[in-house]
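So the structure is just underneath, and the comments pick up after that.
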Amino acid sequence: MIEVALLAIGVLVITLTLGVPLPYCFGGALMVMYFIGDVTMKGMMLWGVQQLSNPILLAIPLFVLAGTIMSQSGIAASLLRFVNVFVGHVRGGLGVVAAVSCAIIGAISGSGLTGIAAIGPLLIPEMEKRGYPRAYATALVANSSILGLLIPPSVTMILYGWVTDTSIAACFLATLGPGLLIMASFSIMNLWMSRKFPLILDETPSFGKLAGEASRRGARALPALLLPVIILGGIYGGVMTPTEAAAVAVIYSIPVGFLIYRGLKLPNFLSAGREAATAVGTIMVMILFSMILSQMFVYESIPQQMVSAIFSVTENKILLLIFINILLFLVGMVVNDATAIILIAPLLLPLMTALGISPVQFAAIMGVNTAMGGVTPPYASILYLGARVGNVKVTKMIPPAMFLIVTGYVPVVFLTSFWPDLSLFLPRLFGY
């Protein structure tokens, strides 16, 4: 059966690469398992529909809706102005603003696409005006947007926790350390790269002027900055579940967008709702078919067979971890992060457990690898969206994007795999 399963995965990858819609890709893999593997479909569809009724999944559309509302409301602009007051006069400071702002937006929306959609139209033209090459500025914002998949709350970690029956709060904390480290890496690499650009800098302000401007812009940005505090404080304070926190995020962002920042009007509010509904519909249909496929694999003991087959080749933990990271990176290059989590996590979790890797650390390993796939061709959804937002050809974005990935991202991937405390320190600190 393992050969049939590999054939099904091959059909899935090929159809995805050819651009076939996601439900049909999973349908093709299911047909391989049904006709060639002789796996029964009795009860599978009913089981899949029952899985979709899990209240945990309700957090996904709510966080997506909160993110789309915030990208329309002007919250991102206030955050940018607040962060820029501290580093706008520093050479390369505007690039640091991009990384930090995308991390904050990620802590609000839980999505990688929200960062480039909300920050890109504001920051990319400003960076070009200040002397940054437009392709580099777009690549930096696009790469920084993947922090939304790592800085909690994260939609991918909600899916991982649901699929593997792992604490979602623990998964949120597991990716926070790697996410902050990637943010710092991008900031440092940007400061180094900025030495080559003919930048136009703000005049260095006096301490009094800096403090006054920071307090003024900070007061303006305070409602936006309170949102991640409310979400994460509620979850880790035991006041709210992730689903309840997502609902609070939506309820909070609506009056903030309408009454405080006033960027949210009825037309773009309805547009945000339609955008969220479309995204959620796609996600839910994909979850249904991918969960059925994953359940077929589990029913036929494919994960256990994979563990036995891999251990028959080598039992060296370092080699196996390197192999798994390469596999996850390649999967992330051809499918989106949610698909990779749902399909691969149940298959590889028994192997990781056999290697002594906890499900919480594996959440961080999967999170950083699948997030990197979002900016690595051929899939690279965030990179392509960045090219549209920044009005830049993808071919011009790829060199600076690959530089940031190799220097700022790949080292964190290996640190997450071989230094458990990076992802486990905070979950242990909070008792998970």
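The values are calculated or read from the model by the stated rules, or taken from the named source; none is laboratory data. Given the structure is predicted, the values throughout are model-derived calculations rather than measurements. Positions of Cβ are generated from backbone atoms using ideal geometry, with glycine treated the same way; all protein chains shown enter the neighbour counts. For accessibility, only protein heavy atoms count, side chains too; no ligands or nucleic acids. Shrake-Rupley method; radii C 1.70, N 1.55, O 1.52, S 1.80 Å.
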| note | Within the range 104-160, the count of residues that are at positive phi and surrounded by 24 or more Cβ atoms within 10 Å (Cβ to Cβ) comes to 1
| task | Could you tell me whether any residue of the range 293-301 is modelled with pLDDT of 80 or more and not in a helix (DSSP H, G or I)? | result | no
| task | Scan the range 315-366 for residues that are open to solvent by less than 10 Å² (accessible area, probe 1.4 Å) and among the acidic types (Asp, Glu) and jot them down. | result | none
| task | Would you kindly identify the helices (runs of 4 or more DSSP H) lying entirely within the range 44-151 that contain at least 3 residues that are under 25 Å from Thr407 (Cβ atoms)? | result | 75-87, 93-109, 112-129, 134-145
| task | Would you mind telling me which numbered condition in (1) without any contact (Cβ under 8 Å) to a residue 60 or more places away in the chain; (2) under 18 Å from the mean Cα position of the chain (by Cα) Arg274 fails? | result | (2)
| query | Among the residues of the range 174-188, which ones are open to solvent by 10 Å² or more (accessible area, probe 1.4 Å), closer than 17 Å to Ala371 by Cβ and aliphatic (A, V, I, L, M)? | reply | Leu176, Leu180, Leu181, Met183, Ala184
| In this structure, does Ala99 turn out to be out of contact with any Phe, Trp or Tyr (no Cβ under 7 Å at 6 or more places or on another chain) and either of a type in the set (Gly, Ala, Ser) or open to solvent by less than 20 Å² (accessible area, probe 1.4 Å) (or both)? | no
| message | Cβ-Cβ distance below 9 Å, separation of 6 or more or different chains: which pairs start in the range 253-270 with a residue that is more than 18 Å from Ile231 (Cβ to Cβ) and end on one that is outside any helix (DSSP H, G or I) and open to solvent by 50 Å² or more (accessible area, probe 1.4 Å)? | response | Phe258/Lys265
| query | Being open to solvent by less than 40 Å² (accessible area, probe 1.4 Å) and either among the acidic types (Asp, Glu) or within 30 Å of Leu122 (Cβ to Cβ) (or both), is that true of even one residue in the range 38-59? | reply | yes
